[in-house]
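Working notes, beginning with the structure itself.
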């Protein structure tokens with residue numbers, strides 16, 4: 001396998017060299033690429049993040065006033081995971097770089113591989129999907145633009161994150177060279193994948209650590225990294241700033257709600273086995289969305305933890321039944337549920353015992369939208385929707401990211417029997433014939449009445 005990949009890589013490199021030589025021949029005025037020393041770069045400032053804690057961006061210039069960016073990525077324990085120096089066009093390398101720092105040329109950033117749903121959603125939001133010729137096939141996409149790009153083939157799937165199709169990666173790279181990839185932290189469990197990408201495909205990996213951010217909008221703020229990589233900071237910052245504006249407006253509406261008056265919310269899902277209930281923990285970003293929207297967790301569950309706490313049915317009912325609102329995780333807990341109503345969910349995933357829940361009795365059972373867990377670029381709007389769900393007396397049953405589940409199942413019209421239809425039509429015609437004498441009599445007396453009125457006017 002490795003030998004075959006090596007041969008393909010050789011062919012890719014040769015085609016790349018020929019392409020580069022042809023490009024140089026066409027552009028005689030192109031300036032010669034230079035190498036600079038990291039020690040000669042001058043910092044012009046480190047950006048101050050609004051919410052994010054697991055990345056940092058610092059800017060530099062050299063003696064020729066060329067601009068550089070340094071991106072540092074931290075893991076969930078806030079230890080440095082990787083460091084990337086982005087070079088401007090015309091600079092091919094840097095000497096004396098610090099340990100753990102990797103260099104990215106402008107060519108490295110032209111096309112990238114992505115294996116992170118969060119990263120793909122943010123890149124899509126800033127209008128840069130054309131920079132991603134390949135992605136892994138781990139996600140069932142609910143975001144229409146990404147779904148369409150994959151169907152059109154402008155973004156090609158190259159296998160699962162744990163088992164990429166290396167030959168396909170090399171084939172795509174022959175047309176659109178890819179030397180850089182962004183993966184979720186799941187790749188930490190597949191070290192051989194990173195090794196194969198590096199050794200056989202010449203692809204280095206950056207980890208998207210946004211899932212370890214505690215504040216929901218910190219996840220959105222990661223869009224700044226991709227704005228920096230693609231030289232699209234105007235677009236990326238516009239996406240982030242719009243969500244901050246929505247959040248701030250919502251916080252102004254909420255004001256200072258006393259803890260005792262905050263609506264309590266249960267966020268959970270279960271599976272078809274119906275034996276385990278997954279409740280969002282206190283430090284999870286979805287629970288934080290609820291908190292920002294003026295709500296609170298039904299009771300403290302999983303203090304200091306993200307993700308979910310597993311409960312059996314008895315514990316789940318005892319702990320969670322008094323929540324003012326239920327927000328059901330539809331994406332994780334409704335696969336295969338054909339009847340997308342409250343009764344349909346009760347029949348397929350829960351049981352009649354759920355009808356004792358306070359939220360059920362008060363008709364406050366809601367569900368997340370299908371794309372709720374993919375829209376990392378819409379965190380501010382999600383807070384606004386949850387606030388409206390909790391406190392707007394005239395709230396619509398269908399908001400953008402949360403929707404009310406009603407008690408009545410959808411009623412499908414019964415198919416008509418053609419023979420019965422014909423019989424009904426005949427009966428209808430017969431009835432009209434029987435009524436004709438009455439209609440004529442009524443018409444006669446109405447005409448006489450109108451004639452009398454006319455004579456009085458004269």
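The numbers here are math on the coordinates, done by the rules we state, and not lab data. Not measured: the values here are computed from a predicted model. Cβ placement follows ideal geometry from the backbone for every residue including glycine, while neighbour counts extend to all protein chains displayed.
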Alpha-carbon centroids, segment 201-259 and segment 120-172: separation in whole Å
21 Å
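Counting only DSSP beta bridges with both residues in segment 244-404, what percent are antiparallel, rounded to the nearest 5?
So the antiparallel bridges amount to about 50 percent of the total.
Just rank 240, 354, 183, fewest to most, by other beta-carbon atoms within 10 angstrom. All intermediate terms of the calculation are to be shown ahead of the outcome.
Working: 240 25, 354 17, 183 22.
With the sparsest Cβ surroundings first, the list reads 354, 183, 240.
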Suppose we keep just the DSSP beta bridges with both residues in segment 36-228; what percent of those would be antiparallel, to 5?
50 percent
Quick one: length gained pulling residue 362 to residue 261 fully straight, 0.36 nm per residue minus the C-alpha distance?
34.7 nm
Per the rule of 0.36 nm per residue minus the C-alpha distance, extending residue 343 to residue 65 adds in nm 93.5 nm
With the crude spin-label approximation of a point 7 Å out along Cα→Cβ, what separation in nm comes out for residue 275 versus residue 44?
6.2 nm
Do you know the relative contact order of segment 36-228, to the nearest whole percent, from alpha carbon pairs under 8 angstrom that are 6+ apart?
21 percent
Using only alpha carbon positions, build the gyration tensor of segment 36-228, then give the equivalent ellipsoid semi-axes as the square roots of 5 times its eigenvalues, largest first, whole angstrom.
27, 20, 16
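With 10 angstrom as the radius, rank 137, 369 by how many other C-beta atoms surround their C-beta, starting from the fewest.
Ascending number of Cβ neighbours within 10 Å: 137, 369.
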In nm, give the distance between the simple-model label positions of residue 58 and residue 314, each being 7 Å from the Cα along the Cα-to-Cβ direction.
5.7 nm
Evaluate the Kirkwood expression for the hydrodynamic radius of segment 244-404, namely the inverse of the mean inverse distance over all pairs of different C-alpha atoms, and round to one decimal in Å.
15.9 Å
Rounded if a/c is under 1.5, else prolate if a/b is larger than b/c, else oblate: which is segment 314-393, with a ≥ b ≥ c the root eigenvalues of its Cα gyration tensor?
oblate
Rounded to the nearest 5, what is the percent of antiparallel bridges among the DSSP beta bridges in segment 76-165?
20 percent
Based on the alpha-carbon gyration tensor of segment 155-310 and its eigenvalue square roots a ≥ b ≥ c, which shape applies: rounded if a/c is under 1.5, prolate if not and a/b is larger than b/c, or oblate?
oblate
Label points 7 Å out from Cα along the Cβ direction at residue 188 and residue 168: separation in nm?
2.8 nm
Grab the Cα-Cα distance for residue 283 and residue 238, subtract it from 0.36 nm times how many residues apart they are, and report the gain in nm with one decimal.
13.4 nm
For segment 267-317 versus segment 345-364, the gap between their alpha-carbon centres in whole angstrom
16 Å
Could you tell me the calculated FRET efficiency between residue 154 and residue 106, based on Cβ-Cβ distance and R0 = 25 angstrom, to the nearest 0.05?
0.70
